Amino acid sequence: MIDSIKGVTSLLSNDALTGVEATASKGVTAAAAQGTGTQMSFAQVLGDMASDMAGALKLSETKSFEAIQGKAGTREVVDAVMNAEQSLQTAIAIRDKVVTAYLEVARMQI
């Protein structure tokens, strides 16, 4: 168990997760604010939501590793994990709605 935790510290030292917090804090609203005169396509909105969700998951993992190392407090970890859980639940709900809509269209008579 301790060896696996020591292996985790190598993940944090290579700056692969740098900027994840900034990515996770931006939302679809930030992307919409950039192009106030342009309309976003459905695919762009879903892509932004997916990248935000991945960023939230990475941030929660990073905070968890920092807590193991003693660099982050419990509140920070709980906030990050709850944010990631909310993002994941939203993505699952959207996926379910898309699948339901697809099945409804597939059942239509031509």
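Since every read-out is calculated from the coordinates, none of them should be taken as a lab result. Quantities reported herein were computed from a predicted structural model and do not represent experimental measurements. Neighbour counts run over all protein chains shown; Cβ positions are idealised from the backbone, glycine included.
List of remarks:
- The number of residues in segment 65-110 being touching a residue at least 24 places away in the same chain (Cβ under 8 Å) and in contact with a Ser or Thr (Cβ under 6 Å, 6 or more places away or on another chain) comes to 2.
- The residues in segment 71-110 that are in a helix (DSSP H, G or I) and either in contact with a Leu (Cβ under 8 Å, 6 or more places away or on another chain) or among the aliphatic types (A, V, I, L, M) (or both) can be counted, and the count is 19.
- In segment 49-71, the residues that are polar (S, T, N, Q) and under 8 Å from the mean Cα position of the chain (by Cα): 51
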